[in-house]
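Asks: Please find one structure pasted underneath; my questions will follow.
The values are calculated or read from the model by the stated rules, or taken from the named source; none is laboratory data. Every value quoted in this text rests on a predicted model; they were computed, and no experiment measured them. All Cβ positions, even for glycine, are placed from backbone atoms using ideal geometry, and neighbour counts span all protein chains on display.
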Amino acid sequence: MGKRIVFTVTNDLTYDQRMHRICTTLQDAGYQVTLVGFTKKRSVPLVQNKYATVRLNPFFKKGKLFYLEYNFRLLLWLIKHPSDIYGAVDLDTLLPHVLISSWRKKICVHDAHEYFTELPEIAHRPVIKSLWEWMARMLLPKVPYNYTVCTAIAHELQQRYGTTYAVIRNVPEIPPEMPVRDPVSPPVFLYQGALNRGRGIEQMMEAIGHVDASLWLAGEGDLSDELRQKAAAFPWADRIRFLGYIEPRVLPSVTAQAFAGMNLVSNDGKSYYYSLSNKFFDYIRTGIPQITMNYPEYRSLNEQYGVALTINSLEVADIRRAMESLLTNHDLYSQLAQNTVSAFKELNWEVEKMKLLQFYEHVS
């Protein structure tokens, strides 16, 4: 029997494509993998996976009391379910892993999906940030094995906490059949991801009214109701479509209908500025150009592969100009689309997962 690995997250497991790839890869490599999350009010039933999944059911679903209760429940669960490797995904599940791994003399791993203490919802709340910073400085030096999603965040975390991070990027798998481009008319600019603040969604909705195209929004989030109300007030409301949550296995066929992807985020804290989202790579896999931010990771990859137009701000005028460029400059659009094909030969999970396997082979 292979070594047991338990990962814990603060989501309901349904749409966490990164953890699905990681858990499946390690299970296929002979490890016994369990992924633990929690049940939300609107959680859908989990599909059968190769690895084990567990949903805890805390009374509190958000806020300070959620984090306190959830970490306590995680601690109890980890006590009852011994493992060989304890994998905490992000800082908000790390404490139980450090305690249990120290007690049992087992291995602890930290997977930093983002620069946690620099998330906008934390960075702009001094008391909350100081608490998370205290926890990071207390816990991270105790964790010998770490990885994150991009070089910039790895460098920042190392500089701040003195810990070394490997980089395992959030790239998609090569599907059994590549999605066939099936663009609809009028052209569609697609945003896929959470409908949260700082993603430029309000600006996209305004910009789309000034070009001959439609906007599709695939996902839900904290702003779902507010954005629907704002969209309904625009004279071009019929060109803004909310698709809701879409299962990961269905999403590529939706992306294939789009003219271009939207990957925008505000410069609202270092976590966003140094981000490298999975949608950047998802658009590449599907073969569509995208509009993204001129931030370090996106700029570096775009200089190497040439798959996107970059913009410097979330000003509506900047977004509109980028949309117009893709719609009217056919040579530019064709070149960007062509470049996605060669880029995906390198930016896929079959290549990236070798880093993951080497990491855990070293850890074991």
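Asks: Which of the residues that make up region 29-38 are closer than 20 Å to residue 18 by Cβ and exposed (fewer than 15 other Cβ atoms within 10 Å of the Cβ)?
Replies: 29
Asks: For residue 201, all conditions in the list (1) β-branched (Val, Ile, Thr); (2) closer than 24 Å to residue 327 by Cβ; (3) surrounded by fewer than 18 Cβ atoms within 10 Å (Cβ to Cβ) hold save one; what is the number of the exception?
Replies: Checking residue 201 against (1) β-branched (Val, Ile, Thr); (2) closer than 24 Å to residue 327 by Cβ; (3) surrounded by fewer than 18 Cβ atoms within 10 Å (Cβ to Cβ), the one that fails is (3).
Let's see how each residue does on (1) in the same structural domain as residue 247 (by the TED database); (2) touching a residue at least 40 places away in the same chain (Cβ under 8 Å):
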site: 151; (1), (2): no, yes
site: 159; (1), (2): no, no
site: 167; (1), (2): no, yes
site: 199; (1), (2): yes, yes
site: 203; (1), (2): yes, yes
site: 207; (1), (2): yes, yes
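Asks: While we're looking at this one, here's another question. Could you tell me how many of the residues in region 202-254 are touching a Pro at 6+ places or on another chain (Cβ under 7 Å), in a helix (DSSP H, G or I) and polar (S, T, N, Q)?
Replies: Final tally of qualifying residues: 1.
Asks: Report yes if residue 99 is buried (at least 20 other Cβ atoms within 10 Å of the Cβ) and in a helix (DSSP H, G or I), otherwise no.
Replies: Against the criterion (buried (at least 20 other Cβ atoms within 10 Å of the Cβ) and in a helix (DSSP H, G or I)), residue 99 does not qualify.
Asks: While we're on this one: Among the candidates 256, 213, 194, 232, which residue alone is of a type in the set (Gly, Ala, Ser) and within 30 Å of residue 154 (Cβ to Cβ)?
Replies: 194
Asks: If the requirement is being touching a residue at least 40 places away in the same chain (Cβ under 8 Å), buried (at least 22 other Cβ atoms within 10 Å of the Cβ) and not assigned by the TED database to the domain that holds residue 149, which of these qualifies: 270, 279?
Replies: 279 is the lone residue from the list that is touching a residue at least 40 places away in the same chain (Cβ under 8 Å), buried (at least 22 other Cβ atoms within 10 Å of the Cβ) and not assigned by the TED database to the domain that holds residue 149.
Asks: Where the second residue is part of a loop (DSSP other than H, G, I, E, B) and the first is under 20 Å from residue 99 (Cβ atoms) and lies in region 59-71, which pairs have Cβ atoms under 7 Å and are six or more apart or on separate chains?
Replies: Between residues of region 59-71 that are under 20 Å from residue 99 (Cβ atoms) and residues that are part of a loop (DSSP other than H, G, I, E, B), the close pairs are 66/58; 66/60; 69/58; 69/59; 69/60; 70/10; 70/58.
Asks: Can you give me the number of residues within region 1-19 that are closer than 19 Å to residue 83 by Cα and touching a Pro at 6+ places or on another chain (Cβ under 8 Å)?
Replies: Residues that pass the stated criteria total 2.
Asks: Further, regarding this structure: Assess whether residue 322 counts as being under 24 Å from residue 175 (Cβ atoms), touching a strand residue (DSSP E or B) at 6+ places or on another chain (Cβ under 6 Å) and modelled with pLDDT of 95 or more.
Replies: When the stated conditions are applied, residue 322 does not pass them.
Conditions (1) surrounded by fewer than 13 Cβ atoms within 10 Å (Cβ to Cβ); (2) under 20 Å from the mean Cα position of the chain (by Cα), marked per residue:
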site	(1), (2)
41	yes, no
53	no, yes
56	no, no
61	no, no
64	yes, no
74	no, no
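Asks: Say we look at region 165-198 and pick out the residues that are of a type in the set (Val, Ile, Thr), surrounded by fewer than 16 Cβ atoms within 10 Å (Cβ to Cβ) and over 21 Å from the mean Cα position of the chain (by Cα); which of these is farthest from residue 143 (Cα to Cα)?
Replies: For region 165-198, the residue satisfying everything is 184.
Asks: Could you give me the residue pairs with C-beta distances under 6 Å whose first residue belongs to region 171-193 and is over 15 Å from residue 326 (Cα atoms), whose second residue is basic (Lys, Arg) and buried (at least 17 other Cβ atoms within 10 Å of the Cβ) wherever it lies, and which are 6+ apart or on separate chains?
Replies: Qualifying pairs under 6 Å: 172/285; 192/279; 193/279.
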